[in-house]
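The values are calculated or read from the model by the stated rules, or taken from the named source; none is laboratory data. What you see is a predicted model; the values in this text were computed from it and never measured. Because the Cβ atoms are built from the backbone with ideal geometry, glycine has one as well, and the counts that use them run over all protein chains shown. These area figures cover heavy atoms from the full protein model, side chains too; ligands, DNA and RNA do not enter into them. Shrake-Rupley method; radii C 1.70, N 1.55, O 1.52, S 1.80 Å.
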Amino acid sequence: IERILEELGLIAFFNRYKQFTNYEFDLTGFFRLLIYGRILNPSSKIDTTRQNDDYYIPVIKDMYSYNIYDTLDFIYDYKNSIINKINKSLTHSFGRTTNIIYYDVTNFYFEIGHPDDDIINDDGTVTKGIRKNGVCKEERKLPIVQMGLFMDEQGLPISLEIFPGNTLDHLTMIDALKNTVNQLNMKRFIFVGDRGMHRGNNTAY
């Protein structure tokens, strides 16, 4: 796993980009821990930090578990830069081709009593809640989140986007393309989606 992270340039990326923050904790170590845990022993984020001492050599020396959430903030803030780095590495070192790009949407539910409220900010703008009532793929009557995923022709993920659960599948496509794929400077490609994606504005776009 470590070798793959290095060949993708992610270890160097996290070490370099940490300089743009005021984080004093081991940002790269927490990133490693998240990846190792997700592959080897999936668990909650906090439980993932408890796996630190299970490795032959602990990944992080000075452990403060809640820094895992600071790491997630960093990943969110630099998401597009991370995706861009991965794409460049896969293209130049591993021969990724994107003549065909696949897109589909799924959703996942949360066992909570009520959907998220929208928040009105001080400047009058609205931050939409993400967990909303919608059409659940598993037919649960619970708040859901929509996730759109792009894959290349080798079956490797390109990027994913998250949308409020009350967003219809076909309404995610243009924003998902704009947010990541369009910024990767890919050449002309064939877009493949299910029948619901190919309608009106989507086809024109």
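What to note about this one:
- Over all other residues within a Cβ to Cβ distance under 13 Å of Ile162, the charged ones net out to +1, with Lys and Arg as +1 and Asp and Glu as -1.
- Within the accessible area of the chain (1.4 Å probe), percent carbon and sulfur: 51 percent
- Average accessible surface for the stretch 36-134: 68 Å² per residue, computed with a 1.4 Å probe over protein heavy atoms with every protein chain in place.
- Remark: the Gln154-Tyr205 segment gains 15.9 nm on full extension, using 0.36 nm per residue and subtracting the alpha carbon distance.
- Set of the stretch 140-162 residues, backbone N closer than 11 Å to the point 7 Å along the Cα-Cβ line of Thr97: 153-154
- Neighbours of Phe14, meaning other residues whose beta-carbon lies under 14 angstrom from its beta-carbon, give a summed charge of -1 when Lys and Arg score +1 and Asp and Glu score -1.
- Within the stretch 1-95, GluC sites (Glu not before Pro) in DSSP loop having at most 16 other beta-carbon neighbours inside 10 Å: Glu24
- Taking trypsin sites (Lys or Arg not before Pro) across the stretch 5-92, the ones in a DSSP loop with at most 15 further Cβ atoms lying within 10 angstrom of their Cβ are Lys61.
- Three-way shape call for the chain based on the alpha-carbon gyration tensor, with the a/c threshold at 1.5: oblate
- Placing dummy labels 7 Å off each Cα toward the beta-carbon, the span from Asn15 to Asn182 is 3.6 nm.
- Separation of the His114 and Val135 label points, Cα + 7 Å toward Cβ, nm: 2.7 nm
- ³J(HN,Hα), Karplus 6.51/-1.76/1.60, whole Hz, each residue of the stretch 159-169, x for Gly, Pro: 6, 9, 10, 10, 9, x, x, 8, 8, 5, 3
- Shape class of the stretch 1-117 from the alpha-carbon gyration tensor: oblate, with a/c at 1.5 or above and b/c at least as large as a/b.
- Cleavage-rule hits (GluC sites (Glu not before Pro)) in the stretch 118-175: DSSP loop, at most 10 neighbouring Cβ within 10 angstrom: Glu138, Glu139
- Mean ellipticity per residue at 222 nm, deg cm²/dmol - from DSSP H runs of n ≥ 4 across the chain, formula -39500 (n - 2.57): -10000 deg cm²/dmol
- Spatial offset of the stretch 103-152 relative to the stretch 1-58 amounts to 28 Å, using the alpha carbon center of each.
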